[in-house]
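Report on the structure given below.
The values are calculated or read from the model by the stated rules, or taken from the named source; none is laboratory data. Quick caveat: nothing in here was measured; it's all calculated off a predicted structure. FYI the Cβ positions are ideal-geometry reconstructions off the backbone, even for glycines, and counts take in every protein chain you see.
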Amino acid sequence: MKYLVPYDFSSIAKTSLHHAIALLQKIPGTIELLHIVEREQDKENAEFTLTGLIASLPDETRGKVTSKVLVGDIFVDIAREAEEGDADLLVMGTHGAKGLQKIFGSRAIKVITSSNTPFIVTQLKEPERPIELIVLPVDLSKESLQVVEFATMLARRFHAKIHLVCEPERDEWLSKRLKNNIAWAKMKMSDDVDYEVISLEGKDSFAEEVIDYGESQNADLFAITHFSDSILPQFDTFTQELITNRIQVPVLVLEAKKISDINTNYTFIGM
């Protein structure tokens with residue numbers, strides 16, 4: 001598996017590298033550090049700094065990490081490098097500081113929607129343990145289900161549990177639609193993955209309830225699908241709130257409009 005880690009030498013980027021290294025322990029592969037500069041004359045210094053960074057890594061990791069410096073734009077060239085370099089997963093840091101969530105969240109979403117590649121978005125919190133619990137929100141949209149198989153594969157490799165969380169629907173037709181979505185998600189989960197279906201209270205915003213639940217259960221990963229083609233603004237708002245969540249739990253994000261066949265695209269996790 002190839003992990004691509006956008007790296008700007010910040011503490012947030014350093015943490016995202018640590019998360020990629022933690023994933024590497026369970027899903028072997030290689031890590032590419034990608035740094036993007038605005039001017040050609042900035043490349044040499046960046047390359048030198050990245051070489052030093054890789055040299056400082058532990059022996060068991062150093063040989064699995066490479067680096068690349070490009071002149072360009074993060075909103076274009078991260079996606080391009082992921083595609084041209086055959087990356088399987090992007091691990092990217094974002095800022096969740098109070099008062100700045102909307103700014104940094106929207107920037108992260110802009111990068112996510114530019115790419116065909118799945119993301120794990122991290123904050124400043126360091127990985128504390130292997131993934132044990134994945135919280136996966138399910139709503140009325142079919143798009144929310146597209147992350148299920150990817151999350152299931154991760155759960156299998158980490159021997160982790162998945163909690164499908166949803167808000168109750170009082171309307172009979174909507175309730176039936178939600179139940180159908182949950183039934184589909186359960187069908188797609190393999191027999192060897194431990195999962196539960198959790199109905200939240202439906203009092204706060206769905207995003208805030210998901211975050212609160214994740215905090216109460218000591219979740220290690222949220223798993224969501226972002227649907228940027230929707231005319232409804234709540235898709236962007238929900239994604240922003242999750243990826244900048246106050247408990248700093250990493251978030252697996254799949255861009256729905258770019259996914260046509262999850263079974264085909266992501267079978268590398270089952271290898």
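Residues in segment 47-71 that are outside any helix (DSSP H, G or I) and of a type in the set (K, R) were compared, and the one that is farthest from E81 (Cα to Cα) is K64. Could you check how many residues of segment 165-208 are modelled with pLDDT of 90 or more and within 22 Å of Q240 (Cα to Cα)? Selection size over segment 165-208: 6.
Within segment 139-174, restricting attention to residues that are of a type in the set (V, I, T) and within 16 Å of the chain's Cα centre (by Cα), the residue that is nearest to E201 (Cα to Cα) is I162. All conditions but one from (1) out of contact with any Leu (no Cβ under 7 Å at 6 or more places or on another chain); (2) under 28 Å from S216 (Cβ atoms); (3) modelled with pLDDT of 90 or more; (4) not assigned by TED's automatic domain parsing to the domain that holds F150 apply to G63; the one that does not is (2). Out of curiosity, is A79 modelled with pLDDT under 95 and either in contact with a Ser or Thr (Cβ under 6 Å, 6 or more places away or on another chain) or not assigned by TED's automatic domain parsing to the domain that holds L254 (or both)? So A79 fits the description; yes. Among all residues of segment 90-103, there is at least one that is farther than 26 Å from S216 by Cα, at pLDDT 95 or above and surrounded by 23 or more Cβ atoms within 10 Å (Cβ to Cβ). Confirm whether T94 is polar (S, T, N, Q) and in contact with a helix residue (DSSP H, G or I) (Cβ under 7 Å, 6 or more places away or on another chain). In short, yes.
Looking only at segment 29-39, decide whether some residue is outside the structural domain of V249 (by TED's automatic domain parsing), in contact with an Asp or Glu (Cβ under 9 Å, 6 or more places away or on another chain), in a helix (DSSP H, G or I) and buried (at least 18 other Cβ atoms within 10 Å of the Cβ). Checked against the condition, which is being outside the structural domain of V249 (by TED's automatic domain parsing), in contact with an Asp or Glu (Cβ under 9 Å, 6 or more places away or on another chain), in a helix (DSSP H, G or I) and buried (at least 18 other Cβ atoms within 10 Å of the Cβ), segment 29-39 yields no hits at all.
Across segment 121-137, the number of residues qualifying as crowded, with 21+ Cβ neighbours inside 10 Å and within 30 Å of R177 (Cα to Cα) comes to 5. Looking at R129, is it in a loop (DSSP other than H, G, I, E, B) and free of Cβ contacts under 8 Å to residues at least 24 places away in the same chain? The answer is no for R129.
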